[in-house]
2 protein chains.
Amino acid sequence: MRVNLPKNLLAEKMALLERVIPSRSANPLLTYLGLAAEEGALLLFGSNGEVDLEVRLPADLEGEGRYLVPSQPFFQLVRSLPGEAVELALESDLSLSSGRFSTRLALAPTEGYPELLFPDLEEKEGSFSQRAKFLTEELQRALAQVRYAASNEEYRAIFRGVQLEFSERGFRTVASDGYRLALFDLPKSQPFAKKAVVPARSVDELVRVLRSAEGGEVVLALGPGTLGLAMPQEEGVLRMAVRLMEGEFPDYERVIPKDFPLRASLEVEPFREALKRVSVLADKQNHRVDLFLEEERALLSAEGDYGKGQEEVSVSLEGAPMSLAYNARYLLEALAPLSGQAELLFSGPTSPTLVRPLGEGGYQAVVVPLRV
Amino acid sequence: MRVNLPKNLLAEKMALLERVIPSRSANPLLTYLGLAAEEGALLLFGSNGEVDLEVRLPADLEGEGRYLVPSQPFFQLVRSLPGEAVELALESDLSLSSGRFSTRLALAPTEGYPELLFPDLEEKEGSFSQRAKFLTEELQRALAQVRYAASNEEYRAIFRGVQLEFSERGFRTVASDGYRLALFDLPKSQPFAKKAVVPARSVDELVRVLRSAEGGEVVLALGPGTLGLAMPQEEGVLRMAVRLMEGEFPDYERVIPKDFPLRASLEVEPFREALKRVSVLADKQNHRVDLFLEEERALLSAEGDYGKGQEEVSVSLEGAPMSLAYNARYLLEALAPLSGQAELLFSGPTSPTLVRPLGEGGYQAVVVPLRV
């Protein structure tokens, strides 16, 4: 198999695979980058066992085949090649040349490399039978905005994932570590009803790939134990598959409060900045910041080993004054996806607070106050 | 003591101290930032025991005093203050306010904090009696360009420093780890003769401070066991003192070769890029890259576990063909300070190679080839 392609195109697509392909693995074959010729296109593929990725590129191609090249020197070299074009010839080894540089790299045998299954861009008979379309940007937002709330703890493993809920009512993403919760609703009826939990680290890779797209649409599809993605690119097609976690979230709806004796609407930016400043003084263990709400103002204060600090922020209040305390980190993370105007809805001084944008927007977060 | 000053000025000057003041230290007082009022100016000072730094600023000031404030929250807060001005009041504690934010920070007692000695900008009676003036930019270059050649090994501790040589003939900086050597000559007669060895890590801090200057002159001065620096700034004065190492370098002049059966002149950039590419294939232990010089070309090649690679670069040669091998990292580091045209002077296939800019320039490096 011989292939000739622009260096910049190869370098750009390769970068998508570079984060997925591990530098070490229990299965050493996974440290290799796959190259294959199929129907006049060049395929680049790789997997870390959790996330599989394939990029299909138009290329000037001769012959067929499927090869595994050592990814580490390949990535390093392609980035820095002197010529504008790269010539690859694959047989018993890879010979690569560009400008006055040439190299021969040893290949790995393809036996033992896992079979990678991806959904097709167009519907076909296959193992990914449940399919849904999204705007790239809205799917990216739905995943990225809730991911922070997933757990890092071994305990209750299901909380280390993000749940995707497909139903007639719409599409929802939700993550929680048991202490706080974030969810994002897309009010767009889905063609099937299903819940699937994706490991948070694989969500990061999905988000990264969705961010690399320039608008357009993307197909999500469910196969056995797998969530697949197919996305047209300016040149070629990108496909991805991530292993799902077993189980589903416990019923989280009941922790979302419904009655709010106090509501505050505020400008996110100045409130967040004040919270950051005051939290510098907070206790290093519990990051406690006190919030006192009264007469159109929020008084933030904290006290720790270094001393104490406070700041006042203007807010618009509906309800009786209230005094609460939060772990500043949790509150800051809940506010992070927001900009412009937001609402804080208080169900009580020791019961959950709801954080959401004022007006439209599918994002909601629940933060439990610290016991005062 | 009360002081009022623009937030941005304070934040900018503070940043210079932020890298010097350690977050942990055997002497916990060193983790504090010093604030003092002296002759109508605000002093910010700090030390890590090896490097002392003081910034003198014009400020709207009342009262006198010398205080130690906890640097970690102070740095964090000042960076993010909401107002344009900062008001500091120091007494039994520090009270800081800016916009609607205010804080009180606990102070540390100043007893037990080391006395910091700096040279003056203008010559005075004092402990820094040997003084020399430099252009900021040339001193920065002389230090920065040789620093890489200093050793990281415990063995032969003196090689962990950079030697500064003041003499009638000029000013020289030199560093070596016993395997390679870099030196920089400023042909500018010095008012005294002395050698002083500065720890490489302190050289990094000197370079960083010199880079923060915008041109102008700087005073270097030697005191007992100390190298001092004084530098006027757009606003105020910066002074620094670094502890010297004991001892001086062994005679390094004899390892610099004088006779060269082969000379190559070349464009640094393409040669360096080719060397980087070929070195990707080099053995991971010795980083060996072979160099064959003949007929106006340099053939670079390497072979390791992944396979082999080669590239040809045009050079201009004077002398008979030669075949050598280098640790690619050493050769790349020797070339790093250079741009444009350079010379490689070969004394033989297993004896030292001299690297230097073609034409003017005080930089020279010596790299010993690998035994083939």
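Laid out as a table, the results:
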quantity	calculated
Kirkwood-based shape ratio for the protein assembly as shown, expressed as Rg/Rh from alpha carbons	1.04
Residue-by-residue Karplus 3J(HN,Hα) for segment B:245-251, coefficients 6.51, -1.76, 1.60, Hz, glycine and proline x	8, 8, x, 9, 4, x, 4
Cα pair distances exceeding 27 angstrom across segment A:130-253, given as percent	12
Kirkwood Rh (inverse of mean 1/r, distinct Cα pairs), segment B:318-359, angstrom	11.3
In sequence order, calculated HN-Hα J values of segment B:160-173 (Karplus, 6.51, -1.76, 1.60; Hz; x Gly/Pro)	7, x, 10, 8, 9, 10, 9, 7, 4, 6, x, 10, 10, 10
Normalised convex hull volume, chain A, alpha-carbon set, Å³ per residue	167
Segment A:17-126, relative contact order [Cα under 8 Å, separation at least 6], %	21
Count of Lys pairs (Cα-Cα under 15 Å; at least 8 positions apart or interchain) in chain B	6
Of the trypsin sites (Lys or Arg not before Pro) in segment A:251-287, those whose Cβ has at most 11 other Cβ within 10 Å and which sit in DSSP loop	A:Lys258, A:Lys284
Charge dipole (debye, nearest 20) of segment A:279-372; +1 at Cβ of Lys and Arg, -1 at Cβ of Asp and Glu	360
Shortest-first nm distances, B:Gln341 label point to equivalent points in other copies (7 Å, Cα→Cβ)	6.8
Contact order relative to length of chain A, as percent, for alpha carbon pairs under 8 angstrom and 6 or more apart	13
GluC sites (Glu not before Pro) restricted to segment A:1-51 and DSSP loop, no more than 14 other C-beta within 10 Å	A:Glu39
Proportion of all alpha-carbon pairs of segment B:2-106 beyond 22 Å (%)	23
Relative contact order of segment A:315-366, defined on C-alpha pairs under 8 angstrom at six or more residues apart (%)	28
Low-density loop cleavage sites - trypsin sites (Lys or Arg not before Pro) in segment B:138-218, where at most 16 other Cβ are within 10 Å (DSSP)	B:Arg156, B:Arg169, B:Lys188
Mean shadow area of segment A:260-372, taken as a quarter of the surface of its Cα convex hull (nm²)	6.1
Under the Karplus curve 6.51 cos²θ - 1.76 cosθ + 1.60, θ = phi - 60°, whole-Hz ³J(HN,Hα) for segment B:257-265, x wherever Gly or Pro sits	x, 10, 10, 10, x, 9, 10, 10, 10
Formal net charge of residues neighbouring A:Ser102 (Cβ-Cβ distance under 11 Å; K, R +1; D, E -1)	+1
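Every number in this text was worked out from the coordinates using simple rules, so none of it is lab data. Computed from a predicted model, the values in this text were never measured in an experiment. As a convention, Cβ positions derive from the backbone with ideal geometry for all residues, glycine included, and neighbour counts pool all protein chains shown.
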